[in-house]
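**Q** Questions regarding the structure given below will be posed in turn.
The values are calculated or read from the model by the stated rules, or taken from the named source; none is laboratory data. The shown structure was predicted, so the numbers you read here are calculated from the model rather than taken from an experiment. When we count neighbours, we look across all protein chains shown, and the Cβ atoms used for this are built from the backbone with ideal geometry, even at glycine. Note: areas computed on protein heavy atoms with side chains; ligands, DNA, RNA excluded. Shrake-Rupley method; radii C 1.70, N 1.55, O 1.52, S 1.80 Å.
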Amino acid sequence: MSDSMQQSGGGGGGIVCVVGARPNFMKIAPLMSAFARMAPRLPMTLVHTGQHYDNAMNCQFFEELGIPRPDVDLEVGSGTHAVQTAEVMRRFEPALDAAAPRAVLVVGDVNSTLACALVAAKKGTPVIHVEAGLRSGDRTTPEEINRILTDQLSDLLFTTEESARANLLREGVDAHRIHFAGNVMIDTLRANLARAVPAAHTAERHGRPGFGSGPAGYAVLTLHRPSNVDRPDVLRTLIETCARLAERTPIFFPVHPRTRMMIESAGLAEIMMRTSFLPLPPQGYLEMLGLMEGARVVLTDSGGVQEETTALGTPCITLRDSTERPITVTEGTNTIAGRDPRSIFSAFDRALATGRDAGRVPRYWDGHASDRIVAAVLAWMETRKAAA
Ligand code: UD1
């Protein structure tokens, strides 16, 4: 980073970028690097809210993805939605005052995204939302609320797929604020694929050499949505269903901290011990990429994993009733299976039969979304300067 240019951590008139939780990190990495490359004189401030704080959920991503150290760490940690959101807002306000930026850039749909957008909008600081306009239609999930409200507060909205524009227009967002830029998460995927850690290394590192290397290949499971993991009966059914699948196809299972606590308190760990399951701590980005790339099928309730598997050509089974990323189904490799064991079994059979690369990679998921976004932000800043 040149000293005059990318003046991390200060100087008014720049951009404040916000990260908080794990899925934000792979979105901010290519944006920070595109800003540094395309606008080296623009002051950038990276604020980390501290929503995710464990090393496995946090620090290792900064190292692996080359994200600059945050200039400000708000250290909010966990809490109820109200407490976490309010605490981010309270602590973000002085950081925003100190940076006096021209805009605040937020990504995704986590509580930190909405909290910082709300503080900025109320202070009259323009908000840039990357990954705008995605809608599942399910307002019982916290992310859907965060998406709708963040988009209403935003001045510049960058979308990952074309369906997002229609969602935003329906909600009254001005068409001229919406830009179809592509998927920054896939920028990160393409930039790092050559460094992905093979599944065999991960198995060996966790004391199970050879796991998943037989002719049946392997599957990967991730679960962390409150609707799947917070109720012991729902979680038990999902784990039992996947244990049946693991009798045929060994399953790597990186376990989110929230899920680990629920598995322990509901006494579900021994179900996994009976079959070919490999529970793992939360994995780093490169390990997760290697697991997904080599899998015969991935079962998940994550949004990002639905997109990453589509980009990799790996079949994906989504353990939710809806998706906010419909292009992963219409063009990509994703099947929405919900939680019913029969529909999961049949989606699994279909995925194994269909095999890899059955979908196509959506438009602008080409590794250059961040460049398009930065170019549009710089043009927007020029227009505002001219109008001032
Ligand atoms: C959050 C996001 C979700 C995203 C997910 C990725 C919201 C509403 N949810 O969910 O959209 O898909 O991140 O992981 O913003 N915990 C730890 N260590 C950590 C972080 C969390 O142990 O570093 C535990 C805590 O007990 C915490 C629980 O996990 O209470 C849930 O964390 P939280 O940030 O509230 O939500 P996530 O489920 O991670």
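**Q** Quick one: go through segment 104-146 and flag any residue whose amide nitrogen is under 15 Å from the point 7 Å out along the Cα-to-Cβ line of Ala166.
**A** 133-137
**Q** For helix 22-38, what angle does its Cα long axis make with the longest principal axis of the chain, in degrees from 0 to 90 and rounded to 10?
**A** It is inclined by approximately 40 degrees.
**Q** Taking the Cβ-Cβ separation of Phe345 and Ala376 as r and a Förster radius of 35 Å, what is the calculated FRET efficiency to the nearest 0.05?
**A** Efficiency at R0 = 35 Å is approximately 0.20.
**Q** For segment 188-258, state what percent of all Cα-Cα pairs lands in each successive 5 Å bin, counting from 0 Å until the bin that includes the largest distance.
**A** In whole percents, the pair-distance histogram is 3, 14, 19, 19, 19, 15, 9, 2, 0.
**Q** Based on the mean of other beta carbon atoms within 10 Å per residue, what is the order of 116-125, 250-259, 312-321, most packed first?
**A** Packing proxy ranking, top to bottom: 312-321, 250-259, 116-125.
**Q** Here's something else I'd like to know. Could you list the residues of segment 345-374 with an amide nitrogen less than 20 Å from a label point located 7 Å from the Cα of Arg190 in the Cα-to-C-beta direction?
**A** 357-374, by backbone N distance to the label point.
**Q** Continuing with this model, one more query. Counting DSSP beta bridges in the chain, what percent are antiparallel, to the nearest 5?
**A** Approximately 0 percent, going by the DSSP bridge assignments.
**Q** Let me ask something else about it. Can you run phi through the Karplus equation (6.51, -1.76, 1.60; θ = phi - 60°) for segment 68-84 and list ³J(HN,Hα) in whole Hz, with x for Gly and Pro?
**A** Calculated HN-Hα couplings, in order: x, 4, x, 6, 9, 10, 7, 6, 6, x, 8, x, 5, 4, 5, 5, 5 Hz.
**Q** A further question follows. What is the distance in Å between the Cα centroid of segment 73-115 and that of segment 247-309?
**A** If we compute the Cα centre of each part, the gap is 30 Å.
**Q** Compare Thr85, Thr150, Thr113 in a GNM of the chain, Cα atoms joined below 10 Å, and give the one with the largest fluctuation.
**A** Checking each option, the largest mean-square fluctuation is seen for Thr85.
**Q** If DNA, RNA and ligands are ignored and the probe is 1.4 Å, what is the ranking of Tyr218, Tyr53, Tyr364 by accessible area, most exposed first?
**A** These residues rank, largest area first, as Tyr53, Tyr364, Tyr218.
**Q** Follow-up. Which whole-number percent gives the relative contact order of segment 198-357, counting Cα pairs below 8 Å spaced six or more residues apart?
**A** 22 percent.
**Q** Further question on the same structure: Just check segment 198-357 against the gyration tensor rule for me: Cα atoms, a ≥ b ≥ c as the square roots of the eigenvalues, rounded for a/c under 1.5, and otherwise prolate or oblate depending on whether a/b exceeds b/c.
**A** Rounded is the answer for segment 198-357, as its axis ratio a/c remains below 1.5.
**Q** Next up: Which of His176, His368, His224 moves the most in a Gaussian network model of the chain with Cα springs under 10 Å?
**A** His176
**Q** Compute the projected area of the convex hull of the Cα atoms of the chain, averaged over all viewing directions, and report it in nm² to one decimal place.
**A** Value for the chain: 18.0 nm².
**Q** Taking the 0 to 90 degree range and rounding to the nearest ten, how far is the long axis of helix 142-153 tilted relative to the main principal axis of the chain, both from C-alpha atoms?
**A** Around 20 degrees separate the two axes.
**Q** Evaluate the relative contact order of the chain (contact order divided by residue number), counting alpha-carbon pairs under 8 angstrom at least 6 apart; express in whole percent.
**A** 15 percent
**Q** For a test of the definition: using alpha carbon positions, the gyration tensor, and the 1.5 limit on a/c, classify segment 39-192 as rounded, prolate or oblate.
**A** It comes out rounded by the Cα gyration axes.
**Q** Using r as the Cβ-Cβ distance of Ala266 and Lys122, and R0 as 41 Å, what FRET efficiency do you calculate, to the nearest 0.05?
**A** About 0.50, to the nearest 0.05.
**Q** Which angle between 0 and 90 degrees, to the nearest 10, do you get for helix 369-387 versus the longest principal axis of the chain when only C-alpha atoms count?
**A** Value to nearest ten degrees: 20.
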